[in-house]
Every structure is written in C-alpha cells, then in structure tokens.
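Okay, so here's the structure we're looking at.
The values are calculated or read from the model by the stated rules, or taken from the named source; none is laboratory data. All figures in this text were calculated on a predicted structure; none of them were measured in a lab. Here the Cβ positions follow ideal geometry from the backbone for every residue, glycine too, while neighbour counts run over all protein chains shown. For the accessible areas, the whole protein counts, side chains as well, though only heavy atoms, and no ligand, DNA or RNA atoms are used. Shrake-Rupley method; radii C 1.70, N 1.55, O 1.52, S 1.80 Å.
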Amino acid sequence: MNKQTIIGVVGSGAMGSGIAQVAATQGHQVMVVDKQPEILENAKVKLNAVLNRLVEKGKISSDEAAEIEGRITWVTNIDELESCGFVIEAVVEDLNVKQAIFKQLDVIVAPGAILASNTSSLSITSIAASCEKPERVIGVHFFNPAPLMPLVEIIPAVQTDPEVVAETKTLVDSWAKTTVLARDTPGFIVNRIARPFYGEAIRIYEEGVAEYAAIDHALRTKGGFRMGPFELMDFIGNDVNYAVTETVFREFFYDPRYKPSFTQKRMVEAKRLGRKSGKGYYDYSNGRLVPDVVVDDALSTSITERVVAMLMNEAIDALFLGVASRDDLDLAMTKGVNYPKGLLRWADEWGLEKVLDILEKLHHEYGEDRYRPSPLLRRMAANKQTFYP
Ligand code: NAI
C-alpha cells in the first residue's frame with residue numbers, strides 16, 4: 001500500500017464521497033462507484049462545491065482543487081474497480097446488500113487487494129464470511145464528515161490476516177488520520193461507549209429531574225462537552241441516533257445497559273428528527289437557537305456526575321473485555337466525538353472510588369442491571385489503582 005495504490009469506494013453517499021475526497025487529497029487515484037447515476041452526479045457536484053469553498057478560504061489552491069477532482073473517476077459499474085488495491089465499501093447499512101457487494105468485489109479485484117467496510121454497526125466477521133478470501137476483509141470506520149473528523153476505527157474480523165491489519169493501519173495513518181484498533185464487537189469503540197451520553201440523559205429527563213435545556217447546560221458547563229446530549233441528538237438526527245441505539249441493544253443480545261428509550265422512539269415516530277426536520281427536542285423554526293437556561297449548581301453537578309460516571313463505566317468495561325487498549329479508548333472518544341478528556345484519564349482524575357460510589361448508589365436505588373459497575377472498576381477501586389501512572 002502506497003500513494004500509487006488505487007483506492008476504490010463503493011457508495012457515493014455522505015460517507016463514500018467524503019472518503020473519496022480524503023484519499024484523493026492524499027494523492028491517490030480514486031474510483032467511486034454508485035449504482036444510482038443521479039447520486040453519483042450529485043456527489044460530484046457537491047465535491048466541486050466543497051473544494052471551491054476550501055479555495056475561497058485559502059486552505060488549498062485552485063490548482064490543488066483541480067488536481068483532487070482530476071484524481072477521482074466516477075463510475076456506475078463495480079467491475080471497473082478491477083485495478084484497485086484497496087476498496088472501501090460505504091453503501092446502505094444492510095448486511096445482505098454489503099455481503100452481495102463483497103462477494104462481487106472478491107472476484108473483481110486482484111488477490112492481494114484489501115477489502116474494507118465503513119459499516120457503523122454490522123459485524124465485520126459476517127461481512128468477511130461472504131468472501132472466498134475473508135482474510136483480506138477489514139472494518140475501516142470513518143466518522144461523519146470524513147474529511148474533517150480525525151478518527152478512524154480499524155476493526156479486524158475474526159478471519160482477518162494480521163498483515164492486512166498492519167497494511168490498512170499504515171495506509172490510513174498516511175491520510176493524516178488518527179487510527180485506533182477495535183475488536184469486532186457491536187458499536188466498536190465510539191458507538192458503544194457513547195451510548196449513556198444519550199440514554200442516561202434521556203432517562204434523567206424521563207424521571208422529571210430536569211428539562212432538556214437544563215441537562216444540556218449541565219453537561220456543557222460542568223462536563224465540558226461541546227454540545228449537550230439533546231442538542232447533539234438533534235444535530236445527529238434522532239432517526240440516525242435511535243437506529244444506532246437499537247442496533248447496539250439488539251447486537252448485545254438485549255443487555256439492559258443499552259436499552260433504547262421511549263422518548264427518543266416517539267421523537268422519531270413524530271418525525272421530530274432534529275435540525276434537519278426543523279424540530280426535535282428543540283424547535284429550530286425561524287432560525288431559533290437552542291435555549292440556554294440557568295440551572296441550580298448542585299443539580300448540574302449531580303446530572304453531570306451521573307452521565308459521566310456511566311460513560312466511564314462503559315469505557316472501563318470495554319477495557320476489561322479487550323475491545324481496545326487504554327490509549328485507543330481514550331483517543332477514540334476525544335478524536336471521534338470531541339469529548340473534553342479521555343474517559344479513563346478522566347476517571348483517574350475523579351478517583352475510581354468516587355466513580356464506583358456513584359454507580360453503586362444508582363444500582364442500589366434503581367435495582368437495575370443498567371447501573372452494574374464493571375468488574376474491572378470494582379477491582380481497581382478496591383486496590384486503589386489508576387489507569388495511568
Ligand atoms: P448514504 O445512504 O448517504 O449512501 C449510501 C450510497 O450507497 C447511496 O448513494 C446508494 O445509492 C449507494 N448504494 C447502495 N447500494 C449500492 C450498490 N449495490 N452498489 C453501489 N452503490 C450502492 O449512506 P451513508 O450515510 O454514506 O452511509 C454509508 C455507510 O457508512 C453505512 O454503512 C453507514 O452505517 C456508514 N457510516 C455512516 C455514518 C454517517 O454518519 N452517515 C458514519 C460512519 C459510518
């Protein structure tokens with residue numbers, strides 16, 4: 001894998017076109033395939049507008065913009081990916097569709113080519129299983145928008161050859177991205193660990209502890225998050241966020257810790273999707289902004305401690321179960337979702353006894369498995385250990 005490697009991208013939606021822009025900007029020839037010619041044309045027009053904006057802002061020269069565009073070929077026939085050495089699939093989140101595409105790619109590309117999926121929630125192992133050479137299949141999960149978000153999760157399937165993992169990491173690192181390695185488990189790192197940011201915030205609202213704006217205010221001011229959970233869900237889209245929550249819950253064999261909420265389901269049913277539909281938890285009609293409110297300091301603290309302790313517990317449990325290394329878990333949350341600190345480092349700062357105490361009180365009060373502390377948290381708190389020296 002080097003700059004001469006031709007990159008194939010399957011699907012020219014939001015993610016595929018962003019990934020194509022990243023690879024072409026890094027000097028690769030890129031071939032983008034989409035089965036719908038109008039979507040392909042739309043992606044081409046949008047990329048042109050994005051590059052023009054970068055020229056206007058002085059980030060790239062007009063020559064560079066023309067070179068980037070010149071390196072991308074847009075095609076509707078997947079057979080044209082024959083000369084690609086590395087192909088990233090970014091079509092709809094549907095296992096049957098993805099498996100059919102990998103089956104095709106497996107015979108189209110050369111034996112040494114690597115096949116990657118940008119799936120957010122499907123098992124890489126199940127996608128790899130559709131190929132004759134599953135050892136060359138890997139997950140390469142970009143965040144939206146791909147050209148701006150620095151994090152990429154790399155997920156080997158059970159079948160993936162370690163050499164393929166190393167080559168993929170070297171290639172994506174050369175694209176000025178921060179890569180982290182994740183085990184093939186539901187939600188990988190970010191989409192697993194971030195669940196309580198939304199779920200626990202909604203639960204606090206449902207219990208009548210505080211309104212959306214007060215919860216957002218608490219997590220922004222006390223937690224240091226750029227956006228509170230409700231404004232973030234409105235930004236992501238409640239349909240998208242709910243779908244991830246539901247998938248993670250199902251894929252974890254219905255572990256109650258990941259249970260979706262009725263509040264968000266009703267939002268989706270009412271088509272209150274957030275900014276894109278003009279209304280979600282907040283009303284965005286007529287250019288209205290997310291309201292800020294004055295919140296009692298003690299209430300802000302208790303809301304933030306409850307949500308952040310749940311996040312810390314997720315990160316600690318992911319470490320316990322070997323989902324990723326300490327450093328990768330912390331990098332993923334700061335680079336993938338802009339958390340103010342890595343959760344393990346943050347837990348050290350609070351002290352693990354305090355984190356455990358918050359969770360045990362919740363567990364005792366509600367009697368729900370949702371609040372069970374990770375065995376690693378218990379063990380480390382008992383031994384007065386820290387994650388970092
Ligand atoms: P999208 O719906 O914007 O684009 C998917 C594209 O794939 C469409 O243009 C469609 O025409 C095309 N397509 C479908 N079947 C095809 C086929 N057989 N051959 C060629 N093209 C085909 O979807 P989006 O949002 O770009 O997501 C793509 C993938 O990336 C999904 O697996 C999603 O879970 C994942 N992802 C999405 C993120 C997001 O925030 N949107 C973030 C990270 C990953």
Could you work out how much longer the chain between residue 254 and residue 209 gets when fully extended? Use 0.36 nm per residue separation minus the Cα distance between them, nm to one decimal. 13.6 nm
Evaluate the charge dipole of the stretch 120-175 about its Cα centre and quote only its size in Debye, nearest 20, assuming +1 on the Cβ of each Lys and Arg and -1 on the Cβ of each Asp and Glu. 140
Kindly flag which residue pairs out of 169/384; 265/361; 177/271; 3/169; 341/384 have an alpha-carbon separation exceeding 24 Å in this structure. 169/384; 265/361; 177/271
Using a 1.4 angstrom probe and counting only protein chains, how large is the accessible area of residue 387 in Å², to 10? 20
With every protein chain in place, what's the accessible area of residue 302 (1.4 Å probe, Å², nearest 10)? 60
With angles folded into 0 to 90 degrees, how steeply does helix 195-206 sit against the dominant principal axis of the chain? Use alpha carbons for both and round to 10. 40
I need the Kirkwood Rh of the stretch 96-183: take the reciprocal of the average 1/r across all distinct C-alpha pairs and report it in angstrom. 13.0
Jot down the per residue volume, in cubic angstrom and as a whole number, of the convex hull over the alpha-carbon atoms of the stretch 244-309. 118
Looking at the P(r) of the stretch 32-180, how many percent of alpha-carbon pairs lie beyond 24 Å? 37
Spin-label pair residue 386/residue 144, simplified geometry with 7 Å Cα→Cβ offset, distance in nm: 3.9
Suppose we keep just the DSSP beta bridges with both residues in the chain; what percent of those would be antiparallel, to 5? 25
Projected area averaged over all directions for the convex hull of the alpha carbon atoms of the stretch 1-103, nm², comes out at 6.5
Just order 328-335, 366-373 by mean Cβ neighbour count inside 10 Å, highest at the front, would you? 328-335, 366-373
Looking only at aspartates and glutamates whose Cα falls under 12 Å of residue 222's and that sit 8 or more positions away or on another chain, we get 296, 297, 305
Relative frequency of Cα-Cα separations exceeding 13 Å in the stretch 220-273, percent: 62
If you count, for each residue, the other Cβ atoms within 10 Å and average over each peptide, how do 212-220, 236-244 line up from highest to lowest? 212-220, 236-244
With the 1.4 Å probe rolled over protein heavy atoms, the stretch 72-212 has an accessible area per residue in Å² of 37
Rounded to the nearest percent, how much of the accessible area of the stretch 29-185 (1.4 Å probe, protein heavy atoms only) is carbon and sulfur? 53
Need one number for the stretch 21-70: average projected area of the convex hull over its C-alpha atoms, nm². 3.3
Roughly how tilted is helix 297-320, in degrees to the nearest 10 and between 0 and 90, from the longest Cα axis of the chain? 50
How far apart, in nm, are two points set 7 Å out from the Cα along the Cα-to-Cβ line at residue 158 and at residue 221? 5.1
Quick check for you: with a 1.4 Å probe and neighbouring chains kept, what is the accessible area per residue of the stretch 251-305, in Å²? 64
Return, ordered by residue number, the residues of the stretch 118-157 whose backbone nitrogen is under 20 Å from a label point located 7 Å along Cα→Cβ of residue 96. 119-131
Tabulate in residue order the Karplus-calculated ³J(HN,Hα) for the stretch 99-110, using 6.51 cos²θ - 1.76 cosθ + 1.60 with θ = phi - 60°, rounded to whole Hz; enter x for Gly and Pro. 4, 5, 5, 5, 4, 5, 4, 4, 9, 6, 7, 5
Give the lysines reachable from residue 46 as a straight Cα distance under 17 Å; neighbours fewer than 8 places away on the same chain don't count. 57
Treating the beta-carbon of each Lys and Arg as +1 and of each Asp and Glu as -1, no other charges, what is the dipole magnitude of the chain about its Cα centre, to the nearest 20 debye? 460
Along the charge dipole of the chain, which of 166, 217, 285 sits closest to the positive end, that is, farthest toward it, with unit charges on the beta carbon of Lys, Arg, Asp and Glu (+1, +1, -1, -1)? 217
Looking at the chain, what % of the alpha carbon pairs are farther apart than 29 Å? 46
Per-residue counts of other Cβ atoms within 10 Å, averaged by peptide: what ranking do you get for 203-209, 345-351, highest first? 345-351, 203-209
Using the Cα atoms of the stretch 175-292 to build a convex hull, what is its mean projected area in square nanometres? 9.0
Ratio for the stretch 295-389, C-alpha Rg to 2.2 N^0.38 Å, reads 1.06
Assign unit charges at the C-beta atoms only (+1 for Lys and Arg, -1 for Asp and Glu), then state the dipole size of the stretch 165-323 relative to its Cα centre in Debye, rounded to the nearest 20. 400
In degrees, nearest 10, the alpha-carbon axis of helix 14-25 is tilted away from the dominant principal axis of the alpha carbons of the chain by 60
Just name one of 334, 308, 30: the one whose Cα is farthest towards the positive end of the charge dipole of the chain (beta-carbon charges, Lys/Arg +1, Asp/Glu -1). 308
